[in-house]
Amino acid sequence: MKFLEDKAKHQALFQFGPGANEDDIHRIVADNKLKISEDIAVLWAAVGTGTAFETEDIFSIGSDATTGESSISVTMWYRQKGLPVDYLVFHRGLGGLSVLNMKNQCIYVIDEDSFSPTHAFLSFDDWYCGHLRSEYRERYGLA
């Protein structure tokens, strides 16, 4: 996963807590009736909620120690504003709002007001490389 490779090589650009225990991920996913893709599960096991590139918040299943935010809490906040129930928020920042569509397992960058998809990706890696990393690659000298 390119995100984890970049995190290992450029630690100052990726400020994240520890990942979640796989048993906890499965329990929380089941308790909340979520359907997540394997790559999101791998991400959550590897890193907790945190920030990449100074402005891009990536939400994990576990709450951030400072903000208390998690993928679930942020999703619930947006659902009060009309976010479709099939969407699970995992990213918010200058790069927009990104969700996992739990119905088809695609990742969408969505309009924060209408919640309409503006870009679609088949996996977390596709999203990271094609959306977030492409924005920051030159600025931060990512090879």
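Limited to region 96-111, what total is found for residues that are among the polar types (S, T, N, Q), within 14 Å of E56 (Cβ to Cβ) and free of Cβ contacts under 8 Å to residues at least 24 places away in the same chain?
So the first thing to find is which residues in region 96-111 are among the polar types (S, T, N, Q), and the list is 98, 101, 104-105.
Remaining after also requiring within 14 Å of E56 (Cβ to Cβ): 98.
Now drop any that are not free of Cβ contacts under 8 Å to residues at least 24 places away in the same chain, which leaves none.
Counting residues in region 96-111 that are among the polar types (S, T, N, Q), within 14 Å of E56 (Cβ to Cβ) and free of Cβ contacts under 8 Å to residues at least 24 places away in the same chain gives 0.
If the Cβ limit is 7 Å and pairs must be 6+ apart or interchain, which residue in region 19-39 that is farther than 21 Å from N104 by Cα pairs with which residue that is surrounded by 14 or more Cβ atoms within 10 Å (Cβ to Cβ) and modelled with pLDDT under 90?
As it stands, the answer is G19/G48; A20/G48; A20/I61; A20/G62, since those pairs meet every condition given.
Exactly one of (1) farther than 17 Å from C129 by Cα; (2) out of contact with any Gly (no Cβ under 9 Å at 6 or more places or on another chain) is unmet by I40. Its number?
Going through the list (1) farther than 17 Å from C129 by Cα; (2) out of contact with any Gly (no Cβ under 9 Å at 6 or more places or on another chain), I40 breaks only (1).
Quick check on this structure: which one of E135, E56 is under 11 Å from the mean Cα position of the chain (by Cα), within 19 Å of F14 (Cβ to Cβ) and in contact (Cβ under 8 Å) with a residue 40 or more places away in the chain?
Just one listed residue meets the conditions, E56.
Go through (1) more than 22 Å from L142 (Cα to Cα); (2) of a type in the set (D, E); (3) in contact (Cβ under 8 Å) with a residue 60 or more places away in the chain one by one and return the number of the condition D6 breaks.
For D6, the exception is condition (1).
Looking only at strands (runs of 3 or more DSSP E) that fall completely inside region 42-143, which ones have 1 or more residues that are more than 19 Å from K2 (Cα to Cα) and modelled with pLDDT of 95 or more? Spell out how you get there, then give the answer.
Numbers: elements: 47-52, 56-58, 87-93, 96-101, 107-110, 117-121.
In region 42-143, the matching strands (runs of 3 or more DSSP E) lie at 87-93, 96-101, 107-110, 117-121.
Please tell me if F16 is in contact with a Lys or Arg (Cβ under 9 Å, 6 or more places away or on another chain) and surrounded by 21 or more Cβ atoms within 10 Å (Cβ to Cβ).
So F16 fails the test.
The values are calculated or read from the model by the stated rules, or taken from the named source; none is laboratory data. Given the structure is predicted, the values throughout are model-derived calculations rather than measurements. Please note: Cβ atoms are built from the backbone with ideal geometry, for glycine as well, and neighbour counts cover all protein chains shown.
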